[in-house]
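The values are calculated or read from the model by the stated rules, or taken from the named source; none is laboratory data. All figures in this text were calculated on a predicted structure; none of them were measured in a lab. Counting neighbours? That spans all protein chains shown, and the Cβs are built from the backbone with ideal geometry, glycine included.
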Amino acid sequence: MRRDLVRRLFGSRASTPARLLVALFVGILAAGTISLMLPVATSAESNAPFMAALFTATSAVSVTGLIVVDTPTYWSGFGQVVILTLAQLGGLGIITLGSLAGLLVSRRIGLRGRRLAQIESGLELGDVRRVIYGVLTTAAVVELVLFALLTGAFLIRHEESFGRALVLGGFHAISAFNNAGFTLYSDNLAGFVSDPFVSGVIAIAVLLGGIGFPVLADLRNQPRRPRRWSLHTKLTLTVVGAILSVSTLMYLFFEWTNPDTLGGLDTRGKVLAAGFNTTMRTAGFSSIDFGALNETTQLATIISMFIGGGSGSAAGGIKVTTLALLVLAVYAEYRGDDVRAFGRRMPYGAVRQALAVALTSALALLVGTMLLLATGPFTLTDALFEATSAASIVGLSTGITSELNTAGEAILIVLMIMGRLGPLTVGTALILRERERLYRFPEERPIVG
């Protein structure tokens with residue numbers, strides 16, 4: 001009976017996790033678009049245009065944060081609740097299904113002879129309950145703590161009324177943890193560029209939501225025993241730490257005297273702003289104008305957005321473990337040795353999958369950039385930045401989002417959907433297709449280089 005229930009919930013084909021993910025995403029997106037087109041969703045109580053509603057709903061459910069209309073002024077309280085609900089469902093739903101897909105994959109690897117196509121023989125109902133319960137519990141606890149901290153900050157430090165502080169605290173806590181990047185301020189978070197408390201809390205929320213549930217579970221279960229952390233956790237924390245450190249130094253070096261970004265701040269403010277905005281490489285919050293950054297800094301931001309966050313998280317990109325595998329594979333090739341890290345050897349199949357995910361994402365990004373260039377008079381840097389932000393579901397922008405025509409908006413919508421669903425579905429499908437070959441063709445080496 002238990003297996004019958006799992007079969008009814010998940011089906012029995014090899015692509016089940018990916019199909020379930022796509023079906024859930026499309027259903028939430030459709031409901032969100034219809035809700036935002038209701039007259040009560042706008043502040044003017046008139047129907048929002050279809051493309052504005054679709055773009056906003058896609059941005060919210062894909063936890064991107066790109067906007068074509070101003071969130072605090074265009075949408076009513078009802079519309080803002082819809083956006084926040086979509087972000088919560090999009091972020092939490094993806095984390096939950098990503099964790100389940102990871103569970104299925106790990107069990108597939110660990111059990112010889114079992115096909116993931118037959119989920120009923122590789123996944124017990126208790127595992128489903130345990131994973132979902134863990135994700136929901138972790139998200140609830142983290143968001144409640146963030147809500148309390150931000151509400152207190154808006155109430156005490158910024159003298160908002162109690163009701164307004166509650167709204168601001170709740171909205172930004174959920175938006176930040178889900179890496180959604182939506183804010184109730186028209187200038188994003190520019191008003192908090194020198195506030196270490198609000199900036200710090202939101203940055204921590206984005207980091208927690210961006211490293212992934214598997215890592216959070218490791219940190220929760222064994223906070224003082226890093227040697228017992230999984231290889232995935234070690235790789236994720238190492239790469240994230242390296243990216244944030246290098247990016248912060250680059251921001252400080254290239255933007256120190258730029259009057260339109262960090263130049264007008266004191267030393268403490270420059271360090272705070274640099275650290276905060278580099279952390280936002282997986283979310284759409286910003287306290288400076290990204291359109292005013294030097295092109296060198298913009299390129300560095302594009303690269304960090306493309307890499308993204310941790311697997312099984314609300315963040316997008318190719319994921320930091322994908323980058324780690326590729327770098328380690330190159331290093332291993334130079335050494336003529338196995339791909340290994342932290343005393344563990346990694347299977348060659350994982351490297352192939354990382355390469356497939358990275359190249360597929362890069363190809364989609366390049367095509368999206370070219371199409372954006374064809375829709376308007378944008379520079380290559382602006383188009384590449386916008387396309388990367390959409391494809392990596394980040395939400396940062398140099399300011400051209402509101403200038404897009406219908407074709408440009410449609411391109412970004414497609415990129416956001418691909419960015420939300422692509423890496424997880426492609427990665428899961430590649431693992432599901434793994435099988436032992438009964439024969440191999442004769443080997444012949446082509447010329448490389």
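Things worth noting here:
- Selected residue (criterion: farthest from the chain's Cα centre (by Cα)) from residues of segment 250-267 that are assigned to a helix (DSSP H, G or I) and free of Cβ contacts under 8 Å to residues at least 12 places away in the same chain: 267
- Residue within segment 377-400 that is part of a helix (DSSP H, G or I), surrounded by fewer than 17 Cβ atoms within 10 Å (Cβ to Cβ) and at pLDDT 70 or above present: yes
- The one condition in (1) more than 15 Å from the chain's Cα centre (by Cα); (2) on the phi < 0 side of the Ramachandran plot; (3) modelled with pLDDT under 95 that residue 81 fails to fulfil: (3)
- Some residue of segment 286-299 being touching a residue at least 60 places away in the same chain (Cβ under 8 Å), assigned to a loop (DSSP other than H, G, I, E, B) and closer than 26 Å to residue 90 by Cα: yes
- Output for segment 155-184, where each listed residue is surrounded by fewer than 22 Cβ atoms within 10 Å (Cβ to Cβ), touching a His at 6+ places or on another chain (Cβ under 9 Å) and either touching a residue at least 40 places away in the same chain (Cβ under 8 Å) or over 22 Å from residue 77 (Cα atoms) (or both): 184
- Lone qualifier among 355, 371 - being modelled with pLDDT under 95 and in a helix (DSSP H, G or I): 355
- Going through (1) among the β-branched types (Val, Ile, Thr); (2) buried (at least 19 other Cβ atoms within 10 Å of the Cβ); (3) closer than 21 Å to residue 62 by Cα one by one, residue 288 falls short only on (3).
- Subset of segment 187-242 [touching a helix residue (DSSP H, G or I) at 6+ places or on another chain (Cβ under 8 Å), farther than 15 Å from residue 308 by Cβ and in a loop (DSSP other than H, G, I, E, B)]: 189, 193, 194, 195, 222, 229, 230
- Among residues of segment 310-349 being assigned to a helix (DSSP H, G or I) and touching a helix residue (DSSP H, G or I) at 6+ places or on another chain (Cβ under 6 Å), the one that is surrounded by the most Cβ atoms within 10 Å (Cβ to Cβ) is 320.
- Criterion: surrounded by fewer than 20 Cβ atoms within 10 Å (Cβ to Cβ), at pLDDT below 85, under 23 Å from residue 180 (Cβ atoms) and small (Gly, Ala, Ser) - qualifying residue of 23, 31: 23
- Of residues in segment 272-285 being small (Gly, Ala, Ser) and at pLDDT below 95, the one farthest from residue 210 (Cα to Cα): 284
- Filter result (free of Cβ contacts under 8 Å to residues at least 24 places away in the same chain and surrounded by fewer than 17 Cβ atoms within 10 Å (Cβ to Cβ)) within segment 220-245: 221, 222, 223, 224, 225, 226, 227, 228, 230, 241, 242, 245
- Boolean, residue 261 is crowded, with 23+ Cβ neighbours inside 10 Å, under 27 Å from residue 235 (Cα atoms) and touching a Phe, Trp or Tyr at 6+ places or on another chain (Cβ under 9 Å): no
- Selection over segment 66-95 of residues that are free of Cβ contacts under 8 Å to residues at least 60 places away in the same chain, of a type in the set (A, V, I, L, M) and over 23 Å from residue 408 (Cα atoms) gives a count of 2.
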